[in-house]
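Please read the structure below before turning to the comments.
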Amino acid sequence: MHNTRRAKWLAVPIAGALVLAACGSDDDSGSDSTEAAGTEVAGTDAPDSTDEMAEGEGEGVSLAGVCPDTVVIQTDWNPEAEHGWLYEMIGENPEISAGSGSVTGPLVTSGGAETGVQIEIRSGGPLIGFQTVTSQMDYFTQTGILAESQVDGSYDGTPAGFLADQGESAQQGFGSAEPYVYQNEVADWEGKPVAYDYINDAGWENYGESIAVRADALEENSACLELLVPIIQQSSVDYVTDPAETNALIIEAVNAFDNGWVYNEDVAAYAVDTMKADGLLGNGPDGTIGNFDLDRVTGLIALAIPVYESLGQTPKEGLTAEDVVTNQFIDE
């Protein structure tokens, strides 16, 4: 894994996935663009969930003239159900580009109402050279949960190491994906049970795959985020309520990209069921989907600082939850 830049980021609520970048065209790299990159940690929990996620009435809203003509979201991996709430916002007749690993179409609200702008979702993983947008956090070794000698950094996303070790060692992955895949689709393991635990339950209470925007671009994009974030909140609810159509788009994109990543309807359905059952996606403690629990973030900062210090990336002194996350745009 590689650290590609050290720019400051501010996370915008939605525990579930990734990055907000407002830019122009694919080749637009000028100062008018607002680049963004998100980070995802495999196996982390979303906020405490309730039995029913908040629901709102779908209605049309115009983002034209407020948001960029194309709202670009850079994800951390190939298309999968964990990104479903992003692809849910893509309207009819999307364009799938195998070359850039992107899916583009009209950005729509609940019920398919167009907003007047486009949304482009760019895939990560092999499509960006397996780079992450922030550095790896070595929480397990820093806290003594694992010794350095117990960690093998050669994992490439395939089950090869797990199979060679006959499952004696733990492997990183998503609780909402790998257990099903290994038990049902990996020929040399098929039929054998796979147990899993979440990093969250070992104390690293991270918000996996949060939407992020450059902190120095927050003010200029505030009017857009004010309208966009509630659409994302509702999209999260809409997706897990009825994921079939969006899952079909995800699978279509995976097949078009044809980069070695394999995904099918059964895995997608398992992922949605697991995200709901394990509380990976759900309401926050106050009954609102997508907002941050600032006390939880404060606790994570206390755990993360020694990890970053060991990597030579000491955060600023006195860092607070409000420095890195905001609930400013959440529709309660």
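If VAL103 satisfies all but one of (1) without any contact (Cβ under 8 Å) to a residue 12 or more places away in the chain; (2) open to solvent by less than 30 Å² (accessible area, probe 1.4 Å), what's the number of the condition it fails?
(1) is the only condition that VAL103 fails.
Of the conditions (1) open to solvent by 80 Å² or more (accessible area, probe 1.4 Å); (2) on the phi < 0 side of the Ramachandran plot, GLN166 fails just one. Which one is it?
(2)
Which condition number does LYS276 fail, the rest of (1) among the basic types (Lys, Arg); (2) touching a residue at least 24 places away in the same chain (Cβ under 8 Å); (3) in contact with an Asp or Glu (Cβ under 9 Å, 6 or more places away or on another chain) being met?
The number of the failed condition is (3).
Can we say VAL325 is under 22 Å from GLU88 (Cα atoms), open to solvent by less than 70 Å² (accessible area, probe 1.4 Å) and touching a residue at least 60 places away in the same chain (Cβ under 8 Å)?
The answer is no for VAL325.
Taking the conditions exactly as written (surrounded by fewer than 20 Cβ atoms within 10 Å (Cβ to Cβ) and among the aromatic types (Phe, Trp, Tyr)), does TRP204 satisfy them or not?
No: the conditions fail for TRP204.
For segment 200-212, which residues satisfy the criterion of being assigned to a loop (DSSP other than H, G, I, E, B), in contact with a strand residue (DSSP E or B) (Cβ under 9 Å, 6 or more places away or on another chain) and among the small types (Gly, Ala, Ser)?
SER210
Of all residues in segment 115-139, count the ones that are within 30 Å of GLU226 (Cβ to Cβ), at pLDDT below 60 and not hydrophobic (A, V, I, L, M, F, W, C). It would help to see each step written out before you state the result.
To start, the set of residues in segment 115-139 that are within 30 Å of GLU226 (Cβ to Cβ) comprises 115-124, 128, 132-134.
Restricting the remaining residues to those that are at pLDDT below 60 gives 132-134.
Filter once more, so that each one left must be not hydrophobic (A, V, I, L, M, F, W, C): 132, 134.
The qualifying residues number 2.
In segment 271-299, how many are hydrophobic (A, V, I, L, M, F, W, C) and farther than 18 Å from ALA212 by Cα?
Qualifying residue count, segment 271-299: 5.
Exactly one of these conditions fails for VAL297: (1) more than 14 Å from ALA81 (Cβ to Cβ); (2) aliphatic (A, V, I, L, M); (3) open to solvent by 20 Å² or more (accessible area, probe 1.4 Å). Give me its number.
Failing condition for VAL297: (3).
Name the single residue, out of those in segment 151-163 being under 23 Å from TYR263 (Cα atoms) and open to solvent by 60 Å² or more (accessible area, probe 1.4 Å), that is modelled with the highest pLDDT.
Per the criteria, the residue is ALA160.
Test of understanding: among ALA253, ALA215, ALA269, which residue is open to solvent by 30 Å² or more (accessible area, probe 1.4 Å), modelled with pLDDT of 95 or more and more than 16 Å from the chain's Cα centre (by Cα)? Spell out how you get there, then give the answer.
On the way: ALA253 fails: open to solvent by 30 Å² or more (accessible area, probe 1.4 Å); ALA215 fails: modelled with pLDDT of 95 or more.
Answer to the check: ALA269.
Can you tell me which residue within segment 176-199, out of those that are assigned to a helix (DSSP H, G or I) and open to solvent by 20 Å² or more (accessible area, probe 1.4 Å), is nearest to ILE305 (Cα to Cα)? Full working, then the answer.
From segment 176-199, those assigned to a helix (DSSP H, G or I) are 178-184, 199; that's our starting set.
If we keep only those that are open to solvent by 20 Å² or more (accessible area, probe 1.4 Å) as well, we get 178, 180-181, 183-184, 199.
On the way: GLU178: 30, TYR180: 34, VAL181: 35, GLN183: 37, ASN184: 40, ILE199: 17 Å.
By that ranking, first place goes to ILE199.
Checking TRP189 against (1) over 26 Å from the mean Cα position of the chain (by Cα); (2) touching a residue at least 24 places away in the same chain (Cβ under 8 Å); (3) over 18 Å from VAL267 (Cα atoms), only one condition comes out false. Which one?
TRP189 satisfies all of (1) over 26 Å from the mean Cα position of the chain (by Cα); (2) touching a residue at least 24 places away in the same chain (Cβ under 8 Å); (3) over 18 Å from VAL267 (Cα atoms) except (3).
Determine whether segment 218-238 contains at least one residue that is more than 28 Å from ILE96 (Cβ to Cβ), open to solvent by 50 Å² or more (accessible area, probe 1.4 Å), out of contact with any Leu (no Cβ under 7 Å at 6 or more places or on another chain) and not charged (D, E, K, R).
Looking for residues that are more than 28 Å from ILE96 (Cβ to Cβ), open to solvent by 50 Å² or more (accessible area, probe 1.4 Å), out of contact with any Leu (no Cβ under 7 Å at 6 or more places or on another chain) and not charged (D, E, K, R), one finds at least one in segment 218-238, hence yes.
From the list TYR182, TYR239, TYR207, TYR198, pick out the single residue that is without any contact (Cβ under 8 Å) to a residue 40 or more places away in the chain and either of a type in the set (Ser, Thr, Tyr) or within 20 Å of MET275 (Cα to Cα) (or both).
TYR182
Look through GLY260, GLY299 and report the one residue that is out of contact with any strand residue (DSSP E or B) (no Cβ under 6 Å at 6 or more places or on another chain) and either assigned to a loop (DSSP other than H, G, I, E, B) or closer than 30 Å to ALA98 by Cβ (or both).
Values: GLY299 fails: either assigned to a loop (DSSP other than H, G, I, E, B) or closer than 30 Å to ALA98 by Cβ (or both).
Among GLY260, GLY299, only GLY260 is out of contact with any strand residue (DSSP E or B) (no Cβ under 6 Å at 6 or more places or on another chain) and either assigned to a loop (DSSP other than H, G, I, E, B) or closer than 30 Å to ALA98 by Cβ (or both).
The values are calculated or read from the model by the stated rules, or taken from the named source; none is laboratory data. For clarity, every value in this text was computed on a predicted model and none was experimentally measured. Every residue, glycine among them, receives a Cβ derived from its backbone with ideal geometry; neighbour counts consider all protein chains shown. Side chains are part of the model used for accessible areas, which takes the heavy atoms of the whole protein and leaves out ligands, DNA and RNA. Shrake-Rupley method; radii C 1.70, N 1.55, O 1.52, S 1.80 Å.
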